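Down below is the structure, laid out as structure tokens.
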Amino acid sequence: QVQLVESGGGLVQPGGSLRLSCAASGFMFSAYAMSWYRQAPGKERDLVAVITSTGGNTHYADSVKGRFTISRDNAKNTVYLQMNRLKSEDTAVYYCRADFGGLYSWGQGTQVTVSS
């Protein structure tokens, strides 16, 4: 079955960096777009970044443009989110999502806390 396992979250000071990973299994990873979402306490789950199946195209939420980079390694069935210049408002649970053309599968999430 489809499995998505996020890792790399933690506590970081404002201005710091983290790299999230999402290891995928149970489907042909290289055939599907992947996304990162985040959900802060009391707020809706929002799109952070999307990457196409080949990695040739990406899209970012305005709030993270220029600071975050989504990438993927199809040989390792893994999608990454490099987060630089982190701000307190980036604090959230980060989820990866596999996009199966209208059907979706989510990971369990990883907590990112940006605080001094």
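Out of the range 8-116, which trypsin sites (Lys or Arg not before Pro) are coil in DSSP terms and have no more than 11 other C-beta atoms within 10 Å? Kindly include the intermediate steps, with their values, before the conclusion.
Numbers: sites: Arg19, Arg38, Lys43, Arg45, Lys65, Arg67, Arg72, Lys76, Arg85, Lys87, Arg97; in loops: Lys43, Lys65, Arg67, Lys76, Arg85, Lys87.
For trypsin sites (Lys or Arg not before Pro) across the range 8-116 that sit outside H, G, I, E and B with at most 11 neighbouring Cβ atoms in 10 Å, the list reads Lys43, Lys65.
Per-residue accessible area for Met28 at 1.4 Å probe radius, Å² rounded to 10?
Answer for Met28: close to 130 Å² accessible.
Can you compute the FRET efficiency between Thr113 and Lys76 using 1/(1 + (r/R0)^6), with r the Cβ-Cβ distance and R0 = 30 Å? Round to the nearest 0.05.
Result of the calculation: an efficiency of 0.65.
Distance in nm between label sites at Ala40 and Tyr104, each 7 Å beyond Cα in the beta-carbon direction?
According to this spin-label approximation, the distance is 1.9 nm.
Extending each Cα 7 Å along its Cβ direction at Glu89 and Leu47, get the distance between those two points in nm, one decimal.
Here the modelled spin labels are 1.9 nm apart.
Would any residue of the range 1-25 have its amide N under 11 Å from a label point 7 Å out along Cα→Cβ of Thr69? List them or say none.
Zone members listed by number: none at all.
Give, rounded to the nearest 20 debye, the magnitude of the charge dipole that the chain has about its Cα centre when Lys and Arg contribute +1 at Cβ and Asp and Glu contribute -1 at Cβ. Present the calculation step by step, with values, prior to reporting the outcome.
On the way: 11 positive and 8 negative charges, 38 e Å.
Using only the charged Cβ atoms, the result is roughly 180 debye.
Please compute the per residue accessible area over the chain with all protein chains in place, 1.4 Å probe, rounded to a whole number of Å².
52
What GluC sites (Glu not before Pro) in the range 1-100 are in a loop by DSSP, with at most 12 other Cβ atoms within 10 Å of the Cβ? Don't skip to the end; give the middle numbers.
Values: sites: Glu6, Glu44, Glu89; in loops: Glu44.
Filter output for the range 1-100: Glu44.
Counting residues in the chain as N, plug N into 2.2 N^0.38 Å and put the Cα Rg over that result. Walk me through the numbers before you get to the answer.
On the way: Rg = 13.3 Å, N = 116, 2.2 N^0.38 = 13.4 Å.
The chain yields a ratio of 0.99.
The values are calculated or read from the model by the stated rules, or taken from the named source; none is laboratory data. Being a predicted model, the structure only gives us computed values, none of them experimental. Cβ coordinates were reconstructed from backbone atoms using ideal geometry, including for glycine residues, and neighbour counts include every protein chain displayed. Side chains are part of the model used for accessible areas, which takes the heavy atoms of the whole protein and leaves out ligands, DNA and RNA. Shrake-Rupley method; radii C 1.70, N 1.55, O 1.52, S 1.80 Å.
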